[in-house]
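Take a look at the structure set out below.
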Amino acid sequence: MTHPTSQQVDIKPRRMAFDTDTPMNKYTFDNNSLVSTFFYALSALFPDGERFFIHSVRNYQDEIEDPVLRQQIRGFIGQEAHHGHSHEALNDSIERMGFPMSAITARLQKRVAFLKRRLGRKRQLALTVAMEHFTASMAEFLLKNPEILDKVDPTIRKMLIWHAVEEIEHKAVAFDVYRLKVNNERLRKRVMVISMAGLFARIAYYQFLLLRADGHCPRWREWVDATRFFWGKKGILRDNVHSMKLFFQDGFHPWDIDQHDLIDDWQSRFPDVASLQTN
Ligand SMILES: [Fe+2]
Ligand SMILES: [Fe+2]
């Protein structure tokens with residue numbers, strides 16, 4: 001069965017009109033190249049990563065009978081597809097600043113094709129469950145601390161907020177399919193460990209490629225500020241550690257972490273983001 005709280009979320013794919021034409025500051029996160037390239041690396045990962053998530057859920061779609069979950073799967077697929085398109089447009093805009101985003105995504109596409117060939121559908125779904133937990137935790141952090149985006153390029157800020165809301169809305173869809181069709185707690189946890197190691201190695205490598213292409217060597221000050229941004233008292237990764245611990249409990253479900261407050265009525269808290277919706 002799906003978790004009772006999963007059934008209370010309306011997963012609505014929203015089409016958004018982002019302005020990805022206006023040039024932005026090269027290192028838009030407070031001129032910090034380490035923080036900025038972390039988000040550029042994530043943006044490089046999203047389109048092909050999210051298409052893989054869709055693929056891993058589609059592997060089971062026809063076997064799901066619960067009408068609510070079937071509807072939620074459709075919502076999840078629609079949302080992830082829109083995220084991919086929006087981030088592709090953003091990646092083009094980052095590429096125009098001289099960063100090798102398409103070379104990086106070409107590399108990623110090979111990796112995804114390899115994973116599709118090598119992993120069975122259970123492991124593919126477990127990988128999606130792991131990544132969806134990570135993105136929902138990042139999303140929670142951004143929606144709890146939106147002021148960290150105040151000085152960032154407005155298009156990136158709006159895209160991240162919209163993406164964060166939808167990641168929380170659909171955070172349990174792959175999980176509910178996994179629980180119904182695979183339901184292996186050991187595999188779920190093991191794949192989380194492997195996928196986080198792989199994810200952070202990949203992000204670091206992409207950051208290296210981005211900085212090398214720009215011939216930029218981060219200054220001491222950037223390292224200090226980036227360390228604070230990621231691991232400080234209100235650090236984005238430090239915040240993640242807590243929700244990771246919960247994931248490793250037996251019987252964990254994404255909606256054990258109640259994030260309704262962050263998504264209910266989000267339009268009134270972010271009217272400039274909501275106003276970009278076109279459907
Ligand atoms: Fe997404
Ligand atoms: Fe997602």
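Just so you know, all these numbers are worked out from the coordinates, no wet-lab data involved. Keep in mind that this is a model prediction, so the values were computed, not measured. Glycine gets a Cβ as well: all are built from the backbone with ideal geometry, and neighbour counts include every protein chain shown.
Where a ≥ b ≥ c are the square roots of the eigenvalues of the C-alpha gyration tensor, would you call region 109-155 rounded, which needs a/c under 1.5, or, failing that, prolate if a/b is larger than b/c, or oblate? Mind dumping the intermediate values first?
Details: a/c = 6.76, a/b = 2.25, b/c = 3.01.
Cα axes put region 109-155 in the oblate bin.
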ask   = To the nearest 20 debye, what is the magnitude of the charge dipole of region 14-274 about its Cα centre, counting +1 on the Cβ of each Lys and Arg and -1 on the Cβ of each Asp and Glu?
value = 1320
query = Between M16 and residues 5 or more places away or on another chain, which pairs have amide H atoms under 5 Å apart, with H built 1.01 Å from N, and which residues are they?
reply = T278
Rounded to 10°, Cα long-axis angle of helix 67-95 versus longest principal axis of the chain = 10
request  = Kindly express, to the nearest 10 degrees and within the range 0 to 90, the angle between helix 220-231's C-alpha long axis and the longest C-alpha principal axis of the chain.
outcome  = 20
ask   = Once the Cα atoms of helix 185-214 and of the chain are each reduced to a long axis, what angle between those two axes, in degrees from 0 to 90 to the nearest 10, is obtained?
value = 20
message = What are the ³J(HN,Hα) couplings of region 113-125, residue after residue, when phi is run through the Karplus curve with 6.51, -1.76, 1.60 and θ = phi - 60°? Round to Hz, x for glycine and proline.
response = 4, 4, 4, 5, 6, 7, 9, x, 5, 5, 5, 4, 5
remark   = With the convex hull built on the alpha-carbon atoms of region 14-274, volume per residue in Å³ sits at 121
note = Packing-ranked peptide list from 119-125, 248-254, highest mean Cβ count within 10 angstrom first, is 119-125, 248-254
ask   = From the backbone phi of region 240-256, what are the Karplus-calculated ³J(HN,Hα) couplings (6.51 cos²θ - 1.76 cosθ + 1.60, θ = phi - 60°) in whole Hz, Gly and Pro given as x?
value = 5, 4, 4, 6, 4, 4, 4, 4, 8, 7, 4, x, 4, 9, x, 7, 5
key: Cross-link pairs beyond the 30 Å C-alpha cut-off, checked among K122/K158; K26/K116; K116/K171; K26/K122   = K122/K158; K26/K116; K26/K122
Charge dipole of region 172-254 about the Cα centre (unit charges at C-beta), most positive-ward option of A204, V191, V173 = V191
task = Quickly estimate the mean residue ellipticity at 222 nm for the chain, helices only: each DSSP H run with n ≥ 4 gives -39500 (n - 2.57), and the total goes over all residues, rounded to 500.
result = -22500 deg cm²/dmol
